Structures are given as structure tokens and as C-alpha cells.
1. Output the pairs from 107/189; 46/321; 154/242 with a Cα-Cα distance over 19 Å in this structure; if there are none, say none.
2. Pick out, in residue order, every one of the chymotrypsin sites (Phe, Trp or Tyr not before Pro) in segment 279-323 that is DSSP loop and has at most 14 other C-beta atoms within 10 Å; say none if there are none.
3. Using a cut-off of 17 Å between alpha-carbon atoms, which lysines can reach residue 108, once sequence neighbours fewer than 8 places away in the same chain are excluded?
4. Taking the chain as the reference, fit the longest principal axis to its C-alpha atoms, fit the long axis of helix 232-268 to the helix C-alpha atoms, and give the angle between the two in degrees, 0 to 90, nearest 10.
5. Note down the nm distance, to one decimal, between modelled labels 7 Å out along Cα→Cβ at residue 298 and at residue 103.
6. Which loop-located trypsin sites (Lys or Arg not before Pro) does segment 101-175 contain, where loop means any DSSP state but H, G, I, E or B and the Cβ has at most 12 other Cβ atoms within 10 Å?
7. Identify which of 173, 146, 217 has the largest mean-square fluctuation in a Gaussian network model of the chain, with springs joining Cα atoms closer than 10 Å.
8. What does the charge count around residue 354 come to, taking other residues whose C-beta lies under 15 Å from its C-beta (Lys +1, Arg +1, Asp -1, Glu -1)?
Amino acid sequence: MDFTIPEELKQMQAMVRDFVENEVEPFAQQIEDEDKIPEHLVAKTKEVGLFGMSIPEEYGGIGLNMLGRCVVLEEMGRTHTGWVSLVGAHTGIGSTGIIEMGSEETKKKYLPLMARGEKIGAFALTEPNAGSDATNLKTTAVKKGDKWILNGMKHFITNGPVADLFTVIAVTDKEKGARGGFSAFLVEKDFPGFSVGTIEKKMGLRGSYTSEIIFEDCEVPAENLLGQEGRGYATALKILSKGRCTLGARSVGACNKLIEMSTRYAQQRVQFGQPIASFQAIQWMLAEMATETAAARALTYQVAWMVDSGMPVIKESAMVKMFASEVFNRVVDKAVQIHGGMGYMKEYPVERFYRDARITRIYEGTNEIQRMIIAGQLLKEMGA
Ligand SMILES: Cc1cc2nc3c(=O)[nH]c(=O)nc-3n(C[C@H](O)[C@H](O)[C@H](O)COP(=O)(O)OP(=O)(O)OC[C@H]3O[C@@H](n4cnc5c(N)ncnc54)[C@H](O)[C@@H]3O)c2cc1C
């Protein structure tokens, strides 16, 4: 197996690392304090094309394959999660549907704007009574003439208050339910009957907004049906499955940063007359952090390669999401421990990473659901 990153991608990696270090990191504390991504940073992120990383070149994006996206998102994962979430949700779950299943007409209409970051994307599946059980959707879409009329409510939607275009999954045939009765729609925030509801107050992810979105006789043009009528559940699963690889890369990036911060701190902090890095207890934590991160990285890149090779990755992408997020949580816990009391103080970014890591085991399908997917596929493969 060849693990070399292609030269062109190395340049992109260097560019993103430089951007993260010089343009984002200096504002990380400001994002945390103000719960807002500074406008100039959003503008610069657009300028360097990051909003278009997953959009094909013919529609104005950079057109990175999964390996390329993982390389970029690993670098992005080193900095403030709020900024990464804005871009990550847009380039992932917020645009995968239209890239993979959109009609030529909708692609031409939306993708160039999305590539430039002029239209921000979001994905809306979850409802108050349909979280892990996404088959229990209540939002309906009824065809009336040349429009679909949507009614219902979604919650916990990343980018909800700032997005312009939502990939929404709704019930089009109650009898059939998830088996042929759900459909996907592209809903613009300016369509009549669309509104943003409560914006959630969260444990972390400051600067990234999560909200309800509400449909009250919301009018969606017939051409904004995404993919085939009745295929909405499969569409949702496909979008989520693809995104899992990039979540792995983001977790690995955060781990890399935490290992660097912890190693540096351990070398500088003196107790009992010597740097704490000289104590075996600290060295073992660093060794475990580095080893687990390397394993998460290897799995992430292997699955990215499988995606790019057109292989099925239902089981493997669930493994990446589950494993990398749990490594992230273990690594950040050790990072706090190595920093001692300082690790608990807002003065050090490890405190922020600690809170931000927690969500990675919950969103885009909890890790219990990932385990169910992995085991389900295993049993299927063995003919059970
Ligand atoms: C910050 C944030 C951002 C999000 N962004 C988006 C978004 O952009 N778009 C979107 O559509 N959704 C989004 N979500 C929703 C997210 O995907 C759901 O929260 C998640 O799928 C879990 O659903 P739930 O919160 O309803 O928990 P529940 O489904 O109520 O689960 C509660 C607990 O029960 C467990 N559980 C449930 N069923 C089983 C089972 N069969 N076996 C074992 N354990 C089980 C779960 O694993 C969990 O531990 C976001 C959520 C958050 C918090």
C-alpha cells in the first residue's frame, strides 16, 4: 500500500496549515469569548476556497476527493471547532446530497454559489422524536401542483441560523415510512413558510450555531426534490455515511494539536525540580495519545482510500467515526491531566477542546448507533 500524499495535495495541506496557524488560531479565543466567527475570517475562508473543497471543479469548487478532504480537515481540526463546524457541515452533510444526487439544473443553480461560500449549506434530518431513530420523522411534504408543501420542525441543525440552503428529509408517504415514503428536498431559507426557531445554548462548539428550523406550509418548487421521490432515507444514510470519514480526520487533527500542546507543556512545567516530561506517568500518557492517534489516522486514511476507490464503506466509515471520536475523547482527557489544574482553566485551549470533543460521540449518529451499524454489517457478511 502506498501512503504517500500526492504532491499537489501536499501543497494544499501546507496552505491550509498556514491558514489555520496565521488566520484562524489568532482569533480562536475571540471566537470562544464572543460565540461568533469574525466576519473577516469568514470572508478569508471564502477567498481561499475552503467552502468549495468538496464541490467539483466544473461547478467552481476545488473538487477534492475523500483523501484530499481528509488531509484538509485534519489540518483544520487543529484549531477552533466552531470555525471547523461552519465549513465542515457546509462541505460535508450540507452539500453532499446535491453533489451526489442533484439534477444538473439544481447543481448549476446552487453549487457555484456554495463553492464561493455565498450560499451556506446545512442538513436537516433530526426531529425531537426522531434522533437515533430517524425512521420516526413527522415532517411532511405534500405535492400540490408544481410545488411541495412542507410542514413540521427539525431540531439540532448545525448552521441552522446561518445557512441558505437545507437538504431536508420529509415524509411523502406515511404508509411506506422510511421504506419508500421519505424524500429529500433542497429548501432555501427564503422560501415562503420557512423560519429558524430556537438557537440552542450548548456545552461547547462556540461560534457554531445549532437551531430548530420550522416549516409552515413551506413552498418548495417541484424541481427541488433531491433524487427520486421515496428515496429520501437512502439519501440521508448516504450523506451521513460519507461524512463519517471527514469527522475522523477532524478528530485526528485535534489530537495532533493536543499531543503537541501536551508535550510542550510537559517539557516546560517543572515539579520536584524537573520537567514533568521526565516522569514515566506523563511519558506513558503521551505515548498512548500518540499511538491511538496514529491508529485513528491510519483507519481514517484507509477508509478515505476505499471511498475514492468506489468501495462500499458502510461498516468502515462507522468504524472511523466511532474509533476516531473515542480516541479524541481519550486524548483530550489525558491532555487535561498533563496540564494539571491549568488544563481546567479557560486560559489554555485544552479546556475548550475537552468540551468540544464530547459532541463527536453524539452527532452524525451516536457511537451506539455506529456500533449497531458495524455489528449489523458483520452479521450480514456472515450470512446471519
Ligand atoms: C451540536 C449538534 C449538532 C447536530 N447537527 C445536526 C445536523 O446538522 N443535522 C441533523 O439532522 N442532526 C444534527 N444533530 C442531531 C444528532 O445527529 C442527534 O442528536 C443524534 O443522532 C442523537 O439523537 P438524539 O439526540 O435524539 O438522541 P437519542 O436518539 O434520544 O439517544 C439517546 C441515547 O440513547 C441511545 N440509543 C438510542 N437508540 C438506541 C439503540 N437502538 N440502541 C442503543 N442505544 C440507543 C443513544 O445512543 C444515546 O446514547 C446534531 C446534534 C447536536 C447535539
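1. Cα-Cα > 19 Å for 46/321; 154/242; rest within.
2. Those that pass, being in a loop and sparsely packed, are 279.
3. Within the straight-line limit of under 17 Å, residue 108 reaches these lysines: 119.
4. 20 degrees
5. 4.8 nm
6. Loop-located and lightly packed - 174.
7. 146
8. Summing Lys/Arg as +1 and Asp/Glu as -1 gives +4.
Here, each number is a calculation from the coordinates, and none is a lab measurement. Note that the coordinates shown come from a computational prediction; the quantities given were computed from them, not determined experimentally. Backbone-built Cβ (ideal geometry, glycine too); neighbour counts: all protein chains shown.
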